[in-house]
Amino acid sequence: MALDALLTNCRLADGRLVDIGIGDGRIATLGEGAPSLSNSVPSLDIGGDLVLPGLVDGHMHLDKTLTGLPWMGHAAGPTRMSRIETDKTILPYLPVSTEERAGNLIRDCVARGTTHLRTHVDIDLESRLAKLDGVLAARERHRHQASVQIVAFPQSGVMRCPGILDLLDQAVREGADLVGGIDPLEIDRDPKGQLDGIFAIAARHGVGLDIHLHEPGEMGLFNVHEICARTRALGLNGKVTISHGFCLGQVTERQAAAAAELMAEAGVSLVTHGAGGLTLPPIEMLRAAGVLVFAGNDDIRDTWSPYGTGDLLERAAIIGWKGDFRRDDQVETAFDLISAAGARALGIADYGIAVGGAANLFTIAASGVPEAVAAHPPRKLVLFEGRLVARDGVMLPDPIPIS
């Protein structure tokens, strides 16, 4: 493969200093002495900074964000249902469109090294597919800076809102990549109805599912079992995710271990964000059992929470802090949640700093992954498909070649 550009003096996660040749948006060469392969391509000296693969945000809500607006007082109430209803009184009346707000947040994430995102987008009876349309437009506008997966998310419920299943089906036909669900017992009081309905849509269209499961203890555990059973029955191994799964950290160790074995066997993954005030699922135990666990930021300065910057390294540090991850290998696990594990969950091919991989990467002044997570200094350069998309913590107006 002909080289288009060369990054020299790059520090890899294993400590090696190498040169990275980039051609046709991919990593063409990797190792010492790569400059001898071509003396005519543009070269950029990374100066010994750490080079890591682009980060993967496995759970966010682009349609809810207030990013780019003047600071607003946080209006959501103390319960999940109150926040759902508050959304409907705020989001339709904001002075900035869904497309613009979503674009603002995508740009912030890219500037911090994120190159792949999965976002949930509310589908409800009031707004129907309006929010989806806005996020689809933002995705298209930023397709040369990041990839965006969209989950059609029934935030207000499914069975308690007749007509939502038809809207979810339409959302997939119009561009959503996955079908969502939410708390089949707590929200809908009809787990069979909701799960049968959303799994039927996924099977009909050949797409995956990502189901919010906030339900506590035995209630949540019941639905973990129901989700796994449907995943196995429909042959959806590797295509179903449980978001949050707080219940897994609230039941006995024996129950959690049995659920982990069941999830691993069914190929059901878990995405976490280290929620404040809520129990963290047993990440290390789940991973040891073979469950694919990954992470995302969830709410980023939006109608549900005033917190968040879009920085996934900061999010990994939060998860590590909550999980009492103190050793370097544990901090590296936190990084895996926002990188390679997320890439597997989202089905991102050719991920990582390796020959043949997509040239989606960032540089950071850190000695290694543990320091990058714990200190999370600003990203110096961010590349997507071999082109510069951000520099010194700011996304560029348009991707540019390395020079």
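The values are calculated or read from the model by the stated rules, or taken from the named source; none is laboratory data. Every value quoted in this text rests on a predicted model; they were computed, and no experiment measured them. With ideal geometry, Cβ positions are generated from the backbone for all residues, glycine too; neighbour counts draw on all protein chains shown. Surface accessibility is based on the protein's heavy atoms, side chains included, excluding ligands, DNA and RNA. Shrake-Rupley method; radii C 1.70, N 1.55, O 1.52, S 1.80 Å.
A few notes on this one:
- Tilt relative to the chain, helix 328-337 - C-alpha long axis, 0 to 90 degrees, to 10: 70
- 0 to 90° range, to nearest 10: angle between helix 312-322 axis and the chain longest Cα axis: 60
- Fraction of antiparallel bridges per DSSP, the chain only, in percent to nearest 5: 45
- The sum of -39500 (n - 2.57) across all DSSP H runs of n ≥ 4, divided by the residue count of the chain, sets its helix-only mean residue ellipticity at 222 nm to -10000 deg cm²/dmol.
- Applying both filters, DSSP loop and at most 15 other Cβ atoms within 10 Å, to the GluC sites (Glu not before Pro) of region 1-99 gives Glu32.
- Folded to 0 to 90 degrees: helix 130-141 orientation relative to the chain principal axis, Cα: 10
- Intensity falloff of region 244-403 expressed as log10 I(q)/I(0), Debye formula with alpha-carbon point scatterers, at q = 0.16, 0.18 Å⁻¹: -1.00, -1.20
- Within-14-Å neighbourhood charge of Glu332 [Cβ basis; K, R +1; D, E -1]: -3
- As a fraction of the 1.4 Å probe accessible area of region 219-347, surface on carbon and sulfur atoms comes out at 51 percent.
- Under 15 Å of direct C-alpha separation, and excluding same-chain neighbours fewer than eight residues apart, Lys192 reaches these aspartates and glutamates: Asp183, Glu226.
- For region 50-206, share of DSSP beta bridges that run antiparallel, in % to the nearest 5: 5
- Prolate is the label for region 1-117. Its Cα gyration tensor axes, ordered a ≥ b ≥ c, give a/c of at least 1.5 and a/b above b/c.
- Here the ratio of the Cα radius of gyration of the chain to 2.2 N^0.38 Å is 0.98.
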